[in-house]
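The values are calculated or read from the model by the stated rules, or taken from the named source; none is laboratory data. These figures come from a predicted structure and were not determined experimentally. As a convention, Cβ positions derive from the backbone with ideal geometry for all residues, glycine included, and neighbour counts pool all protein chains shown. Note: accessible area is taken over every heavy atom of the protein model, side chains too, but ligands, DNA and RNA are not part of it. Shrake-Rupley method; radii C 1.70, N 1.55, O 1.52, S 1.80 Å.
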Amino acid sequence: MSEKFRALRVEQGTAGFTCAIQQRAVSDLADGDVLIRVLWSSLNYKDALSASGNKGVTRRFPHTPGIDVAGIVERASDGPWKAGDKVIVTGYDLGMNTDGGFGEFVSVPADWVVRCPLGLTLRSSMVLGTAGLTAALSVSSLIDAGIDEGGDVLVTGASGGVGSVAVALLSQLGYRVTAVTGRESSAEWLKSLGASECISREALLENSAKPMLAPKWSGVVDAVGGEILAAAIKGLRYGASATCCGMAGSADLPLNVFPFILRGVNLLGVDSVELPVEIKQQVWDLLGTDWSLNKMADLVAAELSLEELPAYFPQILAGQVRGRAVVKVAEE
């Protein structure tokens, strides 16, 4: 197939890494079972890392980032997919070392692909994207662990993608959400998403040098790690759980064992990257039905074109992008 398409390519030169829109041929893509015409993507922290040459994310350049894809199947040689199917791809190697969603076509294995639920449009699926899927998995993990119905839930990194979706979802499900954010300017927006209270990182860390804190939280959704997660765990109620899905603050966890052996709390790891595709489909279907978000439109901070992406990479790395940035790759 010789069809040409546009893609944002990251290249490594003598002066560092540069981004530019280039013309590519579909035949340039890796051999995959399913060729997808990409209509929407989203901007994530990992995309900005890839675009800036972080070798922990992407090892080979030139490269097209974009860990999220929503589009239409152009052709398929394996699996249940056929031309015209509306589909989503998130995680696995997409946008890391496999060319990703910041191009008008991707070629991927059949078992990376899920059906776009009837309750979501391709655009709204990318308002959620990897961040929304991760937030939903975190909430599901807390529910499976027996979180108190209507309990107090702490959400860290609440202004970010995972955190903001978690705030909206938990609130909609009837939990009382306390949002932790490093940006005072985001407080009213987080309350509009459903947060009952917003606190600063400094407030959460007050007295956090103690081995345990007063029991307050029925559950925690954490995307930050480090001392923030440690303080949140110290403040869990007896038998309660915290989920961990990120390390925007730190990969370290400065914590003793007291909360675990004296309060029986749980730390639940959440991964949305290598999750079996069958489970991904179940969670996406849930987000299109019972967990369909009333506040979907309020999550969107920006709708970007491919040309506008490079200016946003430094902003998201600096923690300056609130909520979700959806990327319009091509016309539907």
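Overview of results
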{"read-out": "Candidates Ala232, Ala242, filtered to the one that is closer than 17 Å to Ala135 by Cβ, in contact (Cβ under 8 Å) with a residue 24 or more places away in the chain, open to solvent by less than 30 Å² (accessible area, probe 1.4 Å) and not in a helix (DSSP H, G or I)", "value": "Ala242"}
{"read-out": "Flag for Val73 being buried (at least 20 other Cβ atoms within 10 Å of the Cβ) and at pLDDT 95 or above", "value": "no"}
{"read-out": "Some residue of segment 291-311 being within 14 Å of the chain's Cα centre (by Cα) and either outside any loop (DSSP other than H, G, I, E, B) or more than 30 Å from Gly79 (Cα to Cα) (or both)", "value": "yes"}
{"read-out": "Residue satisfying condition, being in a loop (DSSP other than H, G, I, E, B), free of Cβ contacts under 8 Å to residues at least 60 places away in the same chain and either among the basic types (Lys, Arg) or buried (at least 20 other Cβ atoms within 10 Å of the Cβ) (or both), within set Gly100, Gly150, Gly157", "value": "Gly100"}
{"read-out": "Enumeration of residues in segment 106-121 that are closer than 24 Å to Glu274 by Cβ and either aromatic (Phe, Trp, Tyr) or open to solvent by less than 50 Å² (accessible area, probe 1.4 Å) (or both)", "value": "Val106, Ser107, Val108, Pro109, Ala110, Trp112, Val113, Val114, Cys116, Pro117, Leu120"}
{"read-out": "Scan of segment 254-269 for residues that are open to solvent by 70 Å² or more (accessible area, probe 1.4 Å) and either among the hydroxyl-bearing types (Ser, Thr, Tyr) or part of a loop (DSSP other than H, G, I, E, B) (or both), ordered by number", "value": "Pro254, Val257"}
{"read-out": "Some residue of segment 46-66 being surrounded by 24 or more Cβ atoms within 10 Å (Cβ to Cβ) and among the hydrophobic types (A, V, I, L, M, F, W, C)", "value": "yes"}
